[in-house]
Structures are given as structure tokens and as C-alpha cells.
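The values are calculated or read from the model by the stated rules, or taken from the named source; none is laboratory data. Note that the coordinates shown come from a computational prediction; the quantities given were computed from them, not determined experimentally. Cβ atoms come from the backbone with ideal geometry, glycine included; neighbour counts cover every protein chain shown. Remember, those area values only see protein heavy atoms, side chains included, never the ligands or the DNA or RNA. Shrake-Rupley method; radii C 1.70, N 1.55, O 1.52, S 1.80 Å.
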Amino acid sequence: MLFKNILYSLLFTPLFLLSTLQTIEAQEVAAHEIPQLENPISVSYLKRKLPKKGPKLVMNAKIEKQLKKKLQTDPVVKNLYKAIKLNAKAIQKEPLLKRVLEGRRLLHVSREMLYRINMLGMVYKMEKDPIILDRIDKELQAVCSFSDWNPSHYLDVAEMAMAVAFGIDWTDGDLPQSTIELAKTALIEKGIKPSYNKKGNTGWVGGYNNWNQVCHGGMVAASIVTADKDIELAARTIGRALDSIPQALISYGPDGVYPEGSTYWSYGTSFTVVTAAMFESAFNTDFGLADYPALKESAEFRVLSNAPSGWYYNFADCGDKRKANGDTTLAWFAMKTGNSEFFEKERFLTSAENMGKLGRTDGASLVWISQFKPKESISTPTTWKGDGANPIVIFKNESSDPYNYYFGGKGGRGTVPHGNMDGGSFIFELNDVRWSIDPGNQNYHALESVGFDLWKSCQDCQRWTLLTKNNFGHSTITVNNKHHVVDGKAVISNFKDGKQPEATIDLTATFKGQLESAQRRFVKDSPTSLLIEDTIVASESTELITWQMLTLADVEIIDGGAILHQEGKQLKLENLSHPELTVSVISLDPSPLKLDRQIAGLKRIEIRLPAYILKNNKTSLKVRLSGD
């Protein structure tokens, strides 16, 4: 119940653009409302607990010994390590990194460095190859000689700091002493100290989104490795992280939904699990991080966000499709719970040669993958509701379902981190075809490079001119051809599971000033169909209500609805309540703005209800989508 009382309205857009209002809101959260981690960190604690020798980051001497044993016996560990070695070999053919910004970011360089050190470092840890050590030496010298790590965009600093810390830690003191000193000095001067510059981009320190998780993770890694040089700074920084990380972790509550979408779950959560692993290897405790409320539950959210087609349920700024490789972040949850459902063994056993470029923390993940011990296999539910800042509901069939039914619907509001005006929107798959789509994310740099203001989220801000961000680009309702009310939160007001599951989303706040009330009800009324029912009470200002569905299908308009054709299959759209209204199809290829994401074949199906046809200002619009 605690999480249901937390002020989820405090989740906001990227922390480098905190508004004064959001800062004030954050200050209004009382500390006792947020569950805290254990925090015994002090100089004396570090002196007592932090090992003086050997690796400390994700691995220690005991963990390393166990990992080497698993490399001889565990087929998954052996295969992933083989892929890591192939990646390490490819890295050695690449030029050293340079400080070249992409717009205002150095992030692509920092991420590449983290990837390189994860691959090279793990191979060196297992094999002590002097050729690999020499390459690590050169990589560290290159990036530690940069003028800075771009503290104006602190994610860049954090990922670089973690990379350099791993580079020092996993080489066991075998690097030249001059390189070790250079790297540790860089970690302190270019990594940790700028995080205390209150005039800099340090809003992430007490932030509520992925920046908190990533940046504190990088600073913890740097602090553990440099504690021998400045133990006071290390203690201060690790203690700060333990105090501050919960402010990001509350966003998982109460049920595990990550408000920024599945791929941002992967980003933020991957750094949280690495941080937990670093705490355990260095201090033999994670200070309560793994058991933080709703964190483990988020693994279920991650699994459920994978649709049968290979697409994600890609709400918010989520990517479109997952990679073929096993999910290494999810595997940490498998290790912690023993649930085989979170361990993608078949994907991990994909030919190492076919895995391609691995993820940038996949070297570290080899450790917890080697620690996985299956205890049980608890399947994810076929109907699921997750409340929180960006609530969602999912209906699907059992894995044996011949129709591969998948539905995802959502509430929320535009002001959540990476949020869109998509309250009431839905995606729908049947027979391996995604019929109703979410347009997903688009490249940030391409927008920012022309001066587009992507990150402010006021009602009239520029973000909402984009089709990927506004309600005109989502399968929802639009009133009077206006934007949704950006801070009007749609909530899931009713949910029923069973053979015909249903969920109702209260959209009244989303249409404040446009409608008196609006309720959208989704029902899986058969194994091959979805019923969408909108119960609406108009206001004096209501002129036009537009039902929308975004699709890539070819649309054949028929009496009372339409037939959608895609990939040799078809879906029937029936207007059950207002069959006299003709469906309209609006081509969105090309999209309205040059800056919009251009999606081939994109179109918007519309059913338009003029307010004057409503009886007593009320209507119930029922649309059924059904397949073969």
C-alpha cells in the first residue's frame, strides 16, 4: 500500500531540463514516504569492509574462482564467453576512441568504451592475455587523456567512469603504474568531482528517472576503485548513492511497470543490477537493493512487454523490436529468484558467431549468468495490470495459442519521463501481425541538431508537435482536434481477469475542459477479437470526438467498418454502435512534419462523431476488431 500513496506525479522529463516547478514538487516528497536502502557507509566502514587487494567490481576472488569453474561445465556460460572473446578480437581491429561529440553528447563514445572494457576486461580476467592487457592499457590512456568526459550531459561521464573503473579493477594491478595513476586521477577529477558541481548538470543526484540509476552506478564504480586515493570522497559518493537511488526506484512501484517503457527499463535497470552486483562483490551486501519494493516484479513487466511478433509493447520512448540475443539484465532477476522464466536459455545458446556485437554490460553479466540456479519456472500471467505513473494492461494467450493474441493498453500522461500524449492508446497483435501500432521513438540528435526543443513538456511545448509524441499518432481518442491535456492522468479504474478479461481506463482527466467524462473499456471477448468501448459524456465545448487507430495495414472501407489486410492476413473492424458512420483513412506516409519519424505505410483509421448526434450529450462507441 505504501507505493499507492507515493506521489507518482513527481516523475518528470530528463533531469538535465528540470523546471522550477518540478524541483519544488520533488522537495515536497517527505523522506519517510520513500523506502530507504541501508546506508552504513563512512570512512571507517570502507576501511573495514573494502578489500585491499583483488577485484571488487562485480567480481572478487571467490566469484572469479566460481566463474572459471562454470566456464568448464556450463554450456550457456561457455557460449556467451565465446561470443565475448569474438567481440574482444573485433575490438582490437578498431581505432582508439577520440573525444568527438554528437551534438551535445559524448555518450556514444562513453558507451563504446564501456562495451570495449566489458569485452576486453572479461577476457583478460579469465585468460591473462598480455595482448589484451596492452589493448586495455591503450584504451584507458586514450579516454583518460580527454579534456573532460562532457559533464554537461552527465550520462556521458557516468558510463565512461564505469568503463575506466572496470578497466582498472579487472586487470588486477597488471597495468603500468603510470596508467593506473592516470586512470584513477581521471576518475576523481573528470568523473566524481564534477558531480558535486551544483551549477553543473547534476539534477540527476536526487532525480526520479534513469539518469539517477546510470549516474550513481558510474560514480559508485569510480569510488570503489579510487577509495585508496581519496577515501573521504569515496565514502561521501557511495553514501550519496545509497541515499538517492531509492528516488529512482520508486518509479517501479507498485507493480513493476517502468514508466519510460521496456527499452528504458533495460537501460536504467541494467545499471541498477550492475550497481547491486558491485556492492555485493565489494561489501558482501547490496544494502537491500535487490529486494527494493517492485524491482523484482519489474522482471515480469519486461517479459510481458515482449510481444509474439518480436516487437516490444513500445509505449513511451521505447524501441520497436528486441534483439535475438538473450536478455542479460533479465538474467540477473533469474539469478535472484531462481525463476527459469527470466532466463532465456535458448537465446543464450544461439551460435556465438551469430550473436554479433554484444551489449556494453554483457561482460559483467557473465558473472550473474554463471550464478543462476533454477528453482522453479513460474510463467507470467496471461492477463496483467500494472499501476503507477504510466499504468498499463496486457492480455495475451498461453504460449500454445495458435493465434498469438497480444493486446497492450495504457493510461498515464505526457509529463512522465519520456512520456507521450497516449492515454487510452493500445496496440493489438493477432496471427503474428501488429494491427494497431504505437509509432515508437525517434532519434534525439536528429531533432536537437536543428534546435528542436524535445524535452520540455508543457501543454504547448514543441515536443507535442511530433506524431510520435502527440495523441494524433496513437490509437486513442481525440476531441475537437486538440491535444490531450498533458498533465491529465488516465488511470486504470477497473480490471478483471478470466477467460474474457477486461480493463477500463478513466480518461476524464485527459480530456479536462473537452469532455465531462470519458471511460475506455477493453475486452478480450474471444481468442481472436478485441472489443473497445468508449463511454463518453460531452461538455458544452465538445464539438467532435474522433476514434483513432494507427496501422500499417491496407484498409478496405466497407459498410459499418473496414477490412485490414497485412502480410496475407486480414482483420475486421466493426463499428457496432454507430454503423452508419463511415470509416475514414488518413495517410501518414509521409508524416505531417519533416522532423516526424517517417514510417512506410503508416495511416490513421478514424471514426468521427460530431457532438450534435449525441443524445443527452452521451454516447457509447463500440468497435470490435476480429480476425480469422
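Using 18 Å as the Cα-Cα cut-off, could you pick out the over-long pairs in Lys47/Lys128; Lys199/Lys456; Lys512/Lys618? Intermediate values should be presented prior to the final figure.
Values: Lys47/Lys128 29 Å; Lys199/Lys456 20 Å; Lys512/Lys618 16 Å.
Beyond 18 Å between Cα atoms: Lys47/Lys128; Lys199/Lys456.
Just report the Cα centroid separation between region 480-529 and region 58-114, whole Å.
45
At R0 = 35 Å, how high is the FRET efficiency between Glu580 and Ser526 if r is their beta carbon distance? Nearest 0.05 is fine.
Numbers: r = 25 Å, r/R0 = 0.72.
So the FRET efficiency works out to roughly 0.90.
List, in order, the whole-Hz ³J(HN,Hα) value for each residue of region 374-386 obtained from phi through the Karplus relation with A = 6.51, B = -1.76, C = 1.60 and θ = phi - 60°; use x for Gly and Pro.
x, 10, 6, 10, 9, 5, 5, x, 7, 10, 8, 10, x
How high is the relative contact order of the chain, given as a whole-number percent (alpha carbon pairs under 8 Å, six or more residues apart)? Working shown, then result.
Details: 1325 pairs, mean separation 72.6, N = 628.
Value for the chain: 12 percent.
Which whole-Hz couplings ³J(HN,Hα) result when phi for each residue of region 91-99 is put into the Karplus expression 6.51 cos²θ - 1.76 cosθ + 1.60, θ = phi - 60°, listed in order with x for Gly and Pro?
Coupling constants for region 91-99: 4, 5, 8, 8, x, 5, 6, 10, 7 Hz.
For Lys336, go through the lysines and keep the ones whose alpha-carbon is under 17 Å away, minus same-chain ones fewer than eight residues off.
Qualifying lysines at Cα under 17 Å: Lys296, Lys345, Lys373, Lys375.
How many angstrom lie between the Cα centre of region 568-590 and the Cα centre of region 224-251?
55
Taking the Cα atoms only, what angle lies between the long axis of helix 130-144 and the longest principal axis of the chain, rounded to 10 degrees?
Value to nearest ten degrees: 70.
Please compute one quarter of the surface area of the Cα convex hull for region 371-446 and express it in square nanometres.
On the way: hull surface 33.2 nm².
Quarter of the Cα hull surface area: 8.3 nm².
Got a number for carbon plus sulfur as a percent of region 184-312's accessible area, 1.4 Å probe? List each step's numbers first, then the result.
On the way: 1380 of 3120 Å².
Ligands and nucleic acids excluded, carbon and sulfur reach 44 percent.
³J(HN,Hα) across region 612-625 via Karplus (A = 6.51, B = -1.76, C = 1.60, θ = phi - 60°), whole Hz, x for Gly/Pro?
Running phi through 6.51 cos²θ - 1.76 cosθ + 1.60 with θ = phi - 60° gives 5, 8, 6, 9, 6, 6, 10, 7, 10, 9, 10, 10, 10, 10 Hz.
Give the long-range amide H neighbours of Trp435: residues separated by 5 or more places, or on another chain, with amide H under 5 Å away, using H modelled in the peptide plane at 1.01 Å from N.
Sorted by chain and number, the residues that satisfy this are Phe428, Glu429, Leu430.
Report, for the chain, the % of DSSP beta bridges that are antiparallel, rounded to 5.
Bridges in the chain are about 100 percent antiparallel.
In region 556-624, what trypsin sites (Lys or Arg not before Pro) fall in a loop by DSSP, with at most 11 other Cβ atoms inside 10 Å?
Numbers: sites: Lys569, Lys572, Lys594, Arg597, Lys603, Arg604, Arg608, Lys615, Lys618, Lys622, Arg624; in loops: Lys594, Arg597.
Filter output for region 556-624: Lys594.
Excluding same-chain residues fewer than 8 positions from Lys62, which aspartates and glutamates have a Cα within less than 18 Å of its Cα?
The qualifying aspartates and glutamates are Asp74, Glu127, Asp169, Asp172, Glu280, Asp286.
Lysines within cross-link reach of Lys499: Cα-Cα under 16 Å, excluding same-chain residues under 8 positions apart?
Output for Lys499: Lys385, Lys396, Lys524.
Can you give me the Cα centroid spacing of region 206-222 and region 153-172 in angstrom?
The distance from the Cα centre of region 206-222 to that of region 153-172 comes to 13 Å.
Sort 556-563, 372-379, 82-89 by the packing proxy (mean of other Cβ within 10 Å over each peptide's residues), most packed first. Don't jump to the answer; show the numbers that get you there.
On the way: 556-563: 15.9, 372-379: 12.2, 82-89: 19.8.
So the order, starting with the most tightly packed, is 82-89, 556-563, 372-379.
On average, how much accessible surface per residue is there in region 438-571, in Å², for a 1.4 Å probe, leaving out ligands, DNA and RNA? Kindly include the intermediate steps, with their values, before the conclusion.
Working: 5200 Å² over 134 residues.
For region 438-571, the solvent-accessible area averages 39 Å² per residue.
For Ser517, what residues show an amide H to amide H distance below 5 Å, using hydrogens built from the backbone and excluding near sequence neighbours?
Val537
Using a probe of 1.4 angstrom, how much of the accessible area of region 466-607 is carbon and sulfur, in percent? Write out the running numbers ahead of the final one.
Values: 2870 of 5810 Å².
Reported share for carbon and sulfur atoms: 49 percent.
With every protein chain kept in place and ligands, DNA and RNA left out, what is the accessible area per residue of region 71-115? Probe 1.4 Å, answer in Å².
Working: 2330 Å² over 45 residues.
That works out to 52 Å² per residue.
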